[in-house]
Amino acid sequence: MDLPFHTLDVFTDRPFGGNPLGVFPDAAHLAPDLMQRVAREMNLSESVFLGPPQAGGSARVRIFTPGAEVPFAGHPTVGSAIFLASRLDIAPPDGTTTLVLEENVGHVPVDVRFAGGHPVSARFTTAVLPEHRPSPVPRPDLAGMVGLAEGDLDPSLPVEMVSCGLPFHCIPLRSLDAMRRAVLDLAAWRRLLADLWADHVYLITSHAEGEGVDFRVRMFAPAVGVMEDPATGSAAAALGGYLSALDGSEAASLRWTVEQGLEIGRPSLLHVEADRAGGATTAVRVGGSAVFVSEGTMKAVE
């Protein structure tokens, strides 16, 4: 069996930036163990396997890292929507169309923006609202886990575990210098985080390089075979929940721009939004651009 595939770079507007995504069309019928082996062969942060909708959406989407299937992820959601929109029989020359992706977390609505008849960006709304849990790990231990001192953590912000479908350990840093110096200690991670609800490490600082950028972030997910991710939409969604709770407004429409991937040579830009009503977060959205990079065929897949 031959499997055609495409790759897109997501959360960037140019090739070789952002987060690469492998897309396998008409492949959601494959056995999960085969999907896992294919994802491991691709060796990207995630690969997606698309198929016909099963529950009233636009398409069924299975998402695999090199090490595990995940219920939800941001750059696969954005990339899958842009890929599917490129195959629409009738595509708007400009404007927006909405697709609904059936992911393991549930139905994820995605607004895809067209320009000149081509899909250029997408923005998804999370299927679940933010869930917050306090971190049980002492701050000095978390700092040491990423090669830093406790004084490198931002004392004005909480360490917290947050999920909008995938949990992250949000660790705020006080400077861009600390962000650049961070190195994950795998032995410390195994001891401190590997068995927790949120084992993905998400570093955050309000100091950034890009013009108009609000936050710089890094994400490490060794549990699923991703040592460092160039751009993490599911973590950006968790960040939206984290920042919305800190804002605490009775009602608000909040927006942030987030940069990621610069430390590993894959600059990425993510746009995060959160709505508040009645003193609570009522919606979180994440969006960005994507570009098509390659296509090919994986041969002799059994």
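Computed from the coordinates by the stated procedures, all read-outs in this text should not be read as laboratory data. Being a predicted model, the structure only gives us computed values, none of them experimental. In this analysis, Cβ positions are derived from the backbone assuming ideal geometry, glycine residues included, and neighbour counts consider all displayed protein chains.
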Value of relative contact order over the stretch 198-302, rounded to a whole percent, pairs C-alpha under 8 Å and six or more apart: 22
His132/Asp185 FRET efficiency (R0 22 Å; Cβ-Cβ; nearest 0.05): 0.25
Only Lys, Arg (+1) and Asp, Glu (-1) charged, at Cβ; the chain dipole about Cα centre in debye: 80
Measure of compaction for the chain (Cα Rg per 2.2 N^0.38 Å): 0.96
Computed magnitude of the charge dipole of the stretch 131-284 (debye, nearest 20; Cβ of K, R +1, Cβ of D, E -1): 220
Cα convex hull of the stretch 131-284 - mean projected area over all directions, nm²: 8.3
Loop-located trypsin sites (Lys or Arg not before Pro) in the stretch 247-302, at most 16 other Cβ atoms within 10 Å (DSSP): Lys299
Calculated FRET efficiency for the pair Met298/Leu196, C-beta based, R₀ 41 Å, to 0.05: 0.70
Distant alpha-carbon pairs in the stretch 35-75 (separation over 13 angstrom), percent: 50
The stretch 131-284: relative contact order in percent, alpha carbon pairs under 8 Å with at least 6 residues between: 18
11 Å beta-carbon shell around Ser249, net charge (K/R +1, D/E -1): -2
Leu34 paired with Ile90, simple spin-label distance in nm, labels 7 Å along Cα-to-beta-carbon: 3.5
Share, in percent, of DSSP beta bridges within the stretch 27-136 that are antiparallel, nearest 5: 90
Loop-located GluC sites (Glu not before Pro) in the stretch 186-292, at most 14 other Cβ atoms within 10 Å (DSSP): Glu209, Glu211, Glu250
HN-Hα J in Hz across the stretch 137-151 - Karplus 6.51, -1.76, 1.60, θ = phi - 60°, x for Gly and Pro: 9, x, 4, x, 5, 5, 4, x, 4, 10, x, 10, 9, 4, x
Separation between Cα centres of the stretch 43-80 and the stretch 143-176, rounded to whole Å: 28
Residue among Ala59, Ala187, Ala39 with the largest mean-square fluctuation in a Gaussian network model of the chain, springs linking Cα atoms under 10 Å: Ala187
Percent RCO, i.e. relative contact order, over the chain, from Cα pairs under 8 Å lying at least 6 residues apart: 21
Beta bridge orientation in the chain: antiparallel %, DSSP, nearest 5: 85
